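Reading through the structure tokens given below for one structure.
The values are calculated or read from the model by the stated rules, or taken from the named source; none is laboratory data. Predicted model, so just to flag it, every value in this text is computed and none were measured. Quick reminder, even Gly has a Cβ in these numbers, built from the backbone with ideal geometry, and neighbours come from all protein chains shown. SASA here: full protein model, heavy atoms, side chains in, ligands and nucleic acids out. Shrake-Rupley method; radii C 1.70, N 1.55, O 1.52, S 1.80 Å.
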Amino acid sequence: MRAGGLVILPTETVYGLAGDASDPAVVAAIFEAKGRPRFNPLISHVADLAAAEKIAIFDDRARKLAERFWPGPLTLVLPIAPDTPVCDLARAGLDTVAVRVPGHPMAHALLARFGGPVVAPSANRSGRPSPTNFADAVEETGVSAAAALDGGPCEVGLESTVVALLDEARLLRPGSVTRAEIEALIGPLAEAEADAKRSPGRLARHYSPKAPVRLNVETPEPGEAYLAFGPGDHRWNLSPSSDLREAAARLFAYLRDADRTDPIAIAVAPIPGHGLGEAINDRLKRAAGFVG
Ligand code: TXA
Ligand code: MG
């Protein structure tokens, strides 16, 4: 990575395609490898809060959230520090930066040794479901990486919760750190703005397999692959015991797996919307092409 190579990196959420956040050529190579539009900025990953404070400005709310949830699946969008090493391209030219301290031991070891901030978008090609195991990550963008670290299956399975703390606190992307957990610490969260400058990643269609996706299906049609939820004997049951954590951890791998069988569509059972269900339903709506 010091020589400018890209690394497939396991985190507790999803696999990332990682590189030096301070080097515009490296960041350009990441956009290229993913086929990602350059207006969509990347998250800078660091080993701890002290390293995060070198790239972004923390207020009281940010410090509270960081102390409670880092290392872990929470990303904070903050104003950039005066001498932030994160290059312009990584931030898509914004005067803000998304920062996260991942909890996976392999990610932590790499970040601690590397020292500086590391951009790591999910290792999928742009628009596709994020990879949640080593094989899927290598299949997506392995060809662009100089090295790939196998950290096993990702524990969470959904990308980090993204909270912007610029004016009002806003939830830009729901995740496994839930709205309720965040509001308990810093008060009510405003909705993400439609403003493309503030929520650049919310516009494009996302997380999509090749097959069309149908939601809230109790009984699938012939020829459809069915992602079930709750008791029953199905090839792809997100959670026979109706456990949202288990469903989140399996979601992207099952979408990919079902897609490989070339179904006429992927039908998905109704998933409750509370707690972690907010993030699961957010990803499902995007996979189905309903962009919020
Ligand atoms: O769990 C994760 O966050 C994974 C792992 C690998 O760490 N990474 C990830 O990165 O999901 P990516 O690039 O796929 O998603 C980053 C999200 C995008 O929706 C992007 O628009 C948003 O964060 N983002 C990044 N910088 C931002 C900024 N300055 N303002 C608003 N949104 C920002
Ligand atoms: Mg992504």
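Tell me, what % of the accessible area of the chain is carbon and sulfur with a 1.4 angstrom probe?
The computed percentage sits at 53.
Using +1 at the C-beta of Lys and Arg and -1 at the C-beta of Asp and Glu, which of V99, L189, A123 has the Cα lying farthest in the positive direction of the dipole of the chain?
Final value for the positive-end residue is A123.
Quote the accessible area belonging to R214 in square angstrom, nearest 10, computed with a 1.4 Å probe and with ligands, DNA and RNA left uncounted.
90
If amide hydrogens are placed 1.01 Å from N in the peptide plane, which non-local residues have theirs closer than 5 Å to the one on S44?
Amide H neighbours of S44, under 5 Å, 5+ apart: A98, V99, R100.
What accessible area per residue comes out for the chain, rounded to a whole number of Å², with a 1.4 Å probe?
With all protein chains present, the chain gives 42 Å² per residue.
Can you give me the angle between helix 105-114 and the longest principal axis of the chain, using Cα atoms only, in degrees from 0 to 90, rounded to the nearest 10?
So the inclination is approximately 30 degrees.
With r defined as the distance between the Cβ atoms of A190 and K64 and R0 fixed at 22 Å, what FRET efficiency is calculated, to the nearest 0.05?
0.80
How far is the Cα center of the stretch 254-285 from the Cα center of the stretch 115-151, in Å?
With the stretch 254-285 and the stretch 115-151 each reduced to a Cα centre, they are spaced 21 Å.
Under 5 Å between amide hydrogens, which residues at least 5 positions from L227 or on another chain qualify, with H placed 1.01 Å from N in the peptide plane?
Sorted by chain and number, the residues that satisfy this are A267, V268, A269.
Treating the angle as unsigned and between 0 and 90°, give the value, to the nearest 10°, between the Cα long axis of helix 277-287 and the longest Cα principal axis of the chain.
Rounded to the nearest ten degrees, it is 80.
Which whole-Hz couplings ³J(HN,Hα) result when phi for each residue of the stretch 14-27 is put into the Karplus expression 6.51 cos²θ - 1.76 cosθ + 1.60, θ = phi - 60°, listed in order with x for Gly and Pro?
Karplus values, whole Hz, x for Gly and Pro: 9, 6, x, 9, 9, x, 5, 6, 8, 10, x, 5, 5, 5.
What is the Cα centroid distance between the stretch 4-25 and the stretch 77-114, reported in whole angstrom?
Between the Cα centre of the stretch 4-25 and that of the stretch 77-114, the gap is 11 Å.
Keeping every protein chain in place, order E224, E53, E32, E159 by accessible area at 1.4 Å, biggest value first, i.e. largest first.
Largest to smallest exposure gives the sequence E32, E53, E224, E159.
Counting only residues 5 or more places away or on other chains, whose amide H sits under 5 Å from the amide H of A81 once H atoms are built in the peptide plane?
Excluding prolines and chain starts, which carry no amide H, the hits are A56, I57.
For a quick check of understanding: with a 1.4 angstrom probe and all protein chains in place, what accessible area in square angstrom does R125 have, to the nearest ten?
Approximately 110 Å² for this residue.
From the backbone phi of the stretch 261-267, what are the Karplus-calculated ³J(HN,Hα) couplings (6.51 cos²θ - 1.76 cosθ + 1.60, θ = phi - 60°) in whole Hz, Gly and Pro given as x?
Calculated HN-Hα couplings, in order: 8, 6, x, 5, 7, 9, 9 Hz.
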